[in-house]
Amino acid sequence: MSETITSTESEEGKIGKDLYSYQKGAIHSIFKAFEDAPENYHLLYQLPTGGGKTVIFSEIVRQYLKHYNKKVVVLTHRIELCKQTAAMLTGFGVQNKVVDSTANLDDQGNYSCFVAMVETLNNRLNEDKLDISDIGLVIIDEAHYNSFTKLFKFFDRSFILGVTATPLSSNVKLPMNENYNELIVGETIESLIKNEFLAKAETYSYNVGLTSLVVGSNGDYTVKSSEDLYTNSSMLGKLLQAYEERSKGKKTLIFNNGINTSLHVYDTFRQAGYPIAHLDNTASKKERKDILQWFKETPDAILTSVSILTTGFDEPSVNTIILNRATKSLTLYYQMIGRGSRIWKDKKTFTVIDLGNNFYRFGPWGSDLDWQKIFGSPNYYLDTLLNDEEIEGNFGYQMPEEIRKEFAKSEDVYYDMKKAYTESVRKGESSKVLLERSIIQHTKICVENSEDVYDALALAKLLGDDINHRIQAYAKCISRSTYNFLDWLRDDYRKKLNSYIRENFDRMFEEIHGYPPE
C-alpha cells in the first residue's frame with residue numbers, strides 16, 4: 001500500500017488529532033510490515049503508556065478502511081476501554097459499532113468497524129451472531145493479556161495487530177512470541193520524557209520485608225498473603241509516613257493488592273485527617289463516576305484503589321503514585337507508574353513511592369529495556385530478576401524515624417552483619433562472635449541514650465525489627481534458616497541483650513560519658 005499517508009486530513013476537513021512524528025513513523029512501519037507479509041500475519045507494536053497507542057491505531061483504522069475494501073475489528077479487555085476506543089475512532093471519522101452484550105446486530109451490514117470486549121465477541125461468534133467473513137484487520141489493545149488468543153481461530157485469514165506498552169505475556173506459560181510473528185518497538189520512555197511528551201518519575205523506595213508473601217498459580221503474589229502483610233499496623237504506618245514525607249498535599253493515587261487492604265488504607269488516612277476515597281470493582285457506575293469526578297476536582301485528593309485503575313484511566317493531574325503492593329509482573333509495574341506520567345500544565349515530574357521493593361526488582365521506570373530480547377526470550381529475562389531474598393539480602397536496616405529519634409545521641413545505629421561475617425571468616429573466628437559484637441553495639445546505643453539501666457532496657461524493646469533483620473542476615477551468612485532455628489535465635493538474642501545491658505550499664509555509661517551514672 002505505497003500510497004499510505006499519515007496525516008489526519010480528509011476531503012470534509014480536519015478530523016482526528018494531529019500526529020507527532022514518531023506516531024507517523026509507527027504507522028508507516030506497521031503498514032509496511034503488513035504489506036510485505038502474508039494475510040494472516042500477526043504483528044505486535046510496543047509503545048509506552050501515554051505515547052498515544054489509541055491515537056495510532058485509530059489512524060491506522062481510518063487509513064485501512066480508506067484504502068482496503070475490508071472491515072476492521074478492534075478488541076479490548078474492559079468495557080471502559082471499549083467505550084473510550086469507540087469514541088476515539090469516531091473522532092477520527094470512523095463510524096463504528098460497539099458489540100456489547102445488549103447490542104442489536106441486525107444493522108451490522110452498515111458498519112465497517114466493530115469494537116468489542118473479548119468475552120462478548122467470543123460469545124457472539126460462537127453463537128454465529130456476527131459476520132466476520134470480510135474482516136481484514138484485527139487490532140488488539142493491551143495485547144499482553146492472554147484472553148485474546150482464544151479468538152485467533154476465528155481470524156485465521158486476517159492481519160492481527162497487537163498493541164501494548166509491555167510485550168511480556170501476563171502468563172509465563174503463554175509467551176507472546178508464540179502468538180505474534182514480529183515485534184515493532186516504538187519510542188522509548190526516555191525519549192518521550194526528553195521531548196516533553198511524558199513526565200519524569202522521581203522514585204523513592206522504602207525497604208519492605210516480603211518473605212512472608214506467597215506466589216500464586218498466576219505467578220504473582222496472592223491477595224491473601226499481600227493483605228496479611230499490608231494491613232498490619234507497621235505497614236500502614238510506613239505508608240502514612242511515606243506519604244507525609246514525599247507527597248503531602250499532592251494529588252495521590254495508591255495501588256493495593258486486595259480490597260481489604262485498600263479499605264484499611266482508607267481508614268488510616270481518613271483518621272489522620274486527609275481527603276481520601278476508596279474505589280474497587282464492586283462500585284456502581286454512578287459511584288465510580290462521582291469518585292473520579294471528586295478526584296479530578298480536588299487538588300490534594302487521595303484515591304486508594306484495587307486493580308481497576310491500572311488501564312483505561314487517564315487523570316493527568318495526578319502528582320504521586322504509591323505502589324502499596326509488591327508484584328512480580330513487569331507489565332503491572334509499568335501500568336501503575338504510567339498513570340502518573342501524563343504531562344499536565346506545568347507538571348514535568350511526578351513522584352513514585354514504592355512500598356513493594358518493585359524498584360529493586362525491575363529497575364527504574366523508563367530504564368533502557370531491550371524489548372526485542374524480552375519478546376524473543378521472556379523466560380531468560382524473568383530468570384534474571386532478583387527474588388525477594390536476594391533483594392532483601394542487599395538491604396541495610398533503616399530504623400523508622402520515630403524510633404531513630406529515641407537514639408538521637410548515637411551517631412550511627414547500623415551494624416553490617418554481612419561485612420562483619422566476611423571479616424570474621426578472614427580472621428578464622430567463630431561465627432558466634434558476630435552476635436556477641438552485635439549485642440555489644442546494641443547495648444552501646446541503648447546506654448548512650450539513657451540516664452539509667454531502666455531507660456536502656458526500655459530502649460532495647462524498640463529494637464525488635466533491627467534484631468530480626470540482624471538475625472535474618474546472620475542466618476544467611478551461616479546458611480541456616482529454618483523457622484524454628486530463627487525463632488530460637490531471636491528469643492535468645494533478646495535475653496542476652498537484656499542481660500548484657502544489666503551487667504554492663506554502669507561500666508559502659510562511664511566509658512561513654514566520663515563519669516558514673518547517678
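What follows is calculated from the coordinates using simple rules that are stated; it is not laboratory data. Small disclaimer: the values here were computed from a predicted structure and weren't measured. Every residue, glycine among them, receives a Cβ derived from its backbone with ideal geometry; neighbour counts consider all protein chains shown.
Tabulated values for the structure
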{"quantity": "Dipole of the chain, positive direction: furthest Cα of G52, N181, Q398, with charges on the beta-carbon", "calculated": "N181"}
{"quantity": "Mean ellipticity per residue at 222 nm, deg cm²/dmol - from DSSP H runs of n ≥ 4 across the chain, formula -39500 (n - 2.57)", "calculated": "-13000 deg cm²/dmol"}
{"quantity": "Amide H contacts under 5 Å for I254, placed H, 5+ residues apart", "calculated": "L303, T304, S305, I322"}
{"quantity": "Label-to-label distance, nm, for residues given as S147 and R270 (7 Å Cα→Cβ offset)", "calculated": "3.0 nm"}
{"quantity": "Other-chain or far-sequence residues with amide H under 5 Å of V352's (modelled H)", "calculated": "E202, T203, Y204, I321"}
{"quantity": "Point-charge dipole on Cβ atoms (K/R +1, D/E -1) for the range 51-173, about Cα centre, debye to 20", "calculated": "300 debye"}
{"quantity": "Unsatisfied cross-links (Cα-Cα over 30 Å) in the set K194/K328; K248/K328; K248/K348; K348/K418", "calculated": "K348/K418"}
{"quantity": "Theoretical FRET efficiency, 1/(1+(r/R0)^6), r = Cβ-Cβ of Q398 and K224, R0 22 Å, to 0.05", "calculated": "0.20"}
{"quantity": "Taking all pairs of distinct alpha-carbon atoms in the chain, Kirkwood radius in angstrom", "calculated": "26.3 Å"}
{"quantity": "Peptides 114-127, 275-288 ordered by average Cβ neighbours within 10 Å, highest first", "calculated": "114-127, 275-288"}
{"quantity": "Against the rule of thumb 2.2 N^0.38 Å, how large the Cα Rg of the range 17-125 comes out", "calculated": "1.09"}
{"quantity": "Unit Cα scatterers, Debye sum, the range 401-513: log10 I(q)/I(0) for q = 0.17 Å⁻¹", "calculated": "-0.83"}
{"quantity": "Residues R157 and D370, FRET efficiency given R0 of 35 Å [Cβ-Cβ distance, rounded to 0.05]", "calculated": "0.60"}
{"quantity": "Amide H partners (placed H, <5 Å) of V74, local residues excluded", "calculated": "F114, V115, A116, I139"}
{"quantity": "Net lengthening on full extension, D455/S29 (0.36 nm per residue, minus Cα-Cα)", "calculated": "146.2 nm"}
{"quantity": "Cross-link pairs beyond the 28 Å C-alpha cut-off, checked among K24/K173; K476/K496; K66/K296; K83/K224; K250/K461; K200/K373", "calculated": "K24/K173; K66/K296; K83/K224; K250/K461"}
{"quantity": "Contour excess over end-to-end distance, with Cα ends at E119 and S284 and 0.36 nm allotted per residue", "calculated": "57.3 nm"}
{"quantity": "For the chain, with +1 on Lys and Arg beta carbons and -1 on Asp and Glu, the positive-most of N387, T422, N171 along the dipole", "calculated": "N171"}
{"quantity": "Test item: Cα-centred dipole of the chain, Lys/Arg +1 and Asp/Glu -1 on Cβ, debye", "calculated": "320 debye"}
{"quantity": "Antiparallel DSSP beta bridges within the chain, percent to nearest 5", "calculated": "10 percent"}
